[in-house]
Amino acid sequence: MSATNHAEESYGHGTKRSYLIGFILSVVLTAVPFWLVMTGVLTPAATAITVIAMAVVQILVHTICFLHVNTRAEGGWTLIAYVFTAVLLVIMIAGSVWIMYHLNTNMMPGMTTGEVSYTP
């Protein structure tokens, strides 16, 4: 193995094949949700779940194929940083949804309709 190939492997650069696979997967993962939303073949709930699932898969495809985040790149530190970021995002999103849900369920009865009756 030559020094050039060894240096490219140690930095985790992708090959033309990995870029092509990433591009094709990105196009498919963008076109399918667009088609689902435009045609309405699924129920709105199923469409939303499918679009969210494909968005998560697309994030993983971009991370692996284009950003080259794996266990070999920089001794695995990029993967650890990426996992830490993902955990923080999940905590923030789950906490926000939890807060919004409880604010909605604990509102005063008259607040949801816009009618507030106050009798002294």
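Read the figures in this text as sums done on the coordinates, not as results from a lab. Here the structure is a predicted model, which is why all the values come from computation and not from measurement. We place every Cβ from the backbone using ideal geometry, glycine too, and count neighbours over all the protein chains shown.
Report the FRET efficiency, 1/(1 + (r/R0)^6), for A31 and A55, where r is their Cβ-Cβ distance and R0 is 22 Å, rounded to 0.05. All intermediate terms of the calculation are to be shown ahead of the outcome.
Values: r = 13 Å, r/R0 = 0.60.
Computed FRET efficiency for A31 and A55: 0.95.
So if R0 is 22 Å, what FRET efficiency would V41 and N104 give, r being the distance between their Cβ atoms, rounded to the nearest 0.05?
Values: r = 31 Å, r/R0 = 1.40.
Approximately 0.10, to the nearest 0.05.
When a/c is below 1.5 the answer is rounded, else prolate if a/b is larger than b/c, else oblate, so apply that to the range 37-109 with a ≥ b ≥ c taken from the square roots of the Cα gyration tensor eigenvalues. Intermediate results must be reported in sequence, preceding the final value.
Working: a/c = 5.83, a/b = 1.45, b/c = 4.01.
Note, shape of the range 37-109 comes out oblate.
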For the range 73-85, just list the computed ³J(HN,Hα) in residue order, Karplus coefficients 6.51, -1.76 and 1.60, θ = phi - 60°, integers in Hz, with x standing in for Gly and Pro. 5, 6, x, x, 5, 5, 5, 4, 5, 5, 5, 4, 4
